[in-house]
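Colleague: Sharing a structure below in structure tokens format, with a few things to ask.
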Amino acid sequence: MPTDKMPTNANIDALYDRTVVDQSGNKIGEIGQVYLDDASGQPAWVTVKTGLFGRNETFVPFKGLETSSDQVRTPYTKDKVKDAPSVDPDGHLSEDETDELYRYYSDAFASDTKTTDKNVERGVAGGVAGQQAADSKKVTDTKSQTTVGQKLPVAEDGSVVRHEERLNVGKERVETGRVRIRKHVVHDTETVEVPVEREEVRVERTPINAEDAKNYNGTISGDTEEASVTLHEEQVNVNKETVPVEKINLKKDTVRDTETHTEELRKEQIDTDGVDGLKK
């Protein structure tokens, strides 16, 4: 089982893009940049990428961080980190910006004594160290911080580590709308033409020839003769019935679109002085 330990210069590289959690294990974001103390060259601050696609970066003291196999734990709450002063991670912290962060995270530095490079200039460190500090530009406060990539301290084996930003893009599923089906009754008027038939009486007179006359009685009777015919006609009967005419279902189709997002990424470049034929 891995044991939490304080990260050091030797494993700064392993910090990048690790998940940062608060003191209760709640995820805050991912490590963005590591800032070094200008005087000591030791890690002083880290930035935590938060928000959608990690567009926001919040500063957290390097002191107090604990690393495990895949996480970096900070001794602060998630809200404490997200509410930290808004400082632009432009590669270097000014003295005012550093002071503001020190005040905000004062509990992390309560036991620290803030020394300055003036002590080194006066020869307190003695020997070559004091002379080097005096020959360099006068740094008035060791709290000025530089990201890993600006005047990096060179390791004993003469190597430096180059870093660059890479764009990590994720997706999340969100609710965009809701569709419901409702039925309501509307009234229409429908006109239908129906053909109908009826019977009418028509009188036909047909002459009887001599041959056919033999079949009839030739006497004239005094009685009245009547003939009747029953007439018929068609009448329209109208009624209504309810019948199913259509079935409606709701189905979802997935449509693929392509969205373009543009972000500015930074990377470190290596410059060499005094080495001929070496590619930069």
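Colleague: Taking amide H atoms as placed 1.01 Å from N in the peptide plane, list the residues 5 or more away in sequence, or in a different chain, whose amide H sits under 5 Å from that of Val20.
Modeller: Ile28, Gly29, Glu30, Ile31, Val72
Colleague: With +1 on the Cβ of every Lys and Arg and -1 on the Cβ of every Asp and Glu, and nothing else charged, how large is the dipole of the stretch 215-276 about its Cα centre, in debye rounded to the nearest 20? All intermediate terms of the calculation are to be shown ahead of the outcome.
Modeller: Details: 7 positive and 16 negative charges, 71 e Å.
For the stretch 215-276, the charge dipole is close to 340 debye.
Colleague: While we're here: With +1 assigned to the C-beta of every Lys and Arg and -1 to the C-beta of every Asp and Glu, and no other charges, what is the dipole magnitude of the stretch 161-207 about the Cα centre in debye, to the nearest 20? Walk me through the numbers before you get to the answer.
Modeller: Numbers: 11 positive and 11 negative charges, 134 e Å.
Using Cβ point charges on Lys, Arg, Asp and Glu, the stretch 161-207 gives about 640 debye.
Colleague: What is the set of long-range amide H partners of Ala44 at a cut-off below 5 Å, with H atoms built 1.01 Å from backbone N?
Modeller: The list, which skips near neighbours in sequence, is Tyr35, Leu36, Asp37.
Colleague: Would you mind checking Lys49/Lys252; Lys78/Lys171; Lys171/Lys247 for any pair whose Cα atoms are more than 27 angstrom apart? Working shown, then result.
Modeller: Details: Lys49/Lys252 36 Å; Lys78/Lys171 22 Å; Lys171/Lys247 36 Å.
From Lys49/Lys252; Lys78/Lys171; Lys171/Lys247, over 27 Å: Lys49/Lys252; Lys171/Lys247.
Colleague: Right, another one. Hey, which aspartates and glutamates would be in cross-link range of Lys82, C-alpha to C-alpha under 19 Å, not counting anything within fewer than 8 residues on its own chain?
Modeller: Partners found: Asp17, Asp22, Glu30, Glu57, Glu66, Asp90, Glu97, Asp99, Glu100, Asp107.
Colleague: Along Cα→Cβ, 7 Å out, is where each label goes; now give me the distance between the ones at Ile208 and Ser40 in nm to one decimal.
Modeller: With each label point 7 Å from Cα toward Cβ, the separation is 14.6 nm.
Colleague: Which order do the peptides 197-208, 258-269 take when ranked by the mean count of other beta-carbon atoms within 10 Å per residue, highest first?
Modeller: Numbers: 197-208: 6.4, 258-269: 8.1.
With the highest mean Cβ count within 10 Å placed first, the list reads 258-269, 197-208.
Read the figures in this text as sums done on the coordinates, not as results from a lab. Since the structure is predicted, the reported quantities are computational estimates derived from the model, not experimental observations. We place every Cβ from the backbone using ideal geometry, glycine too, and count neighbours over all the protein chains shown.
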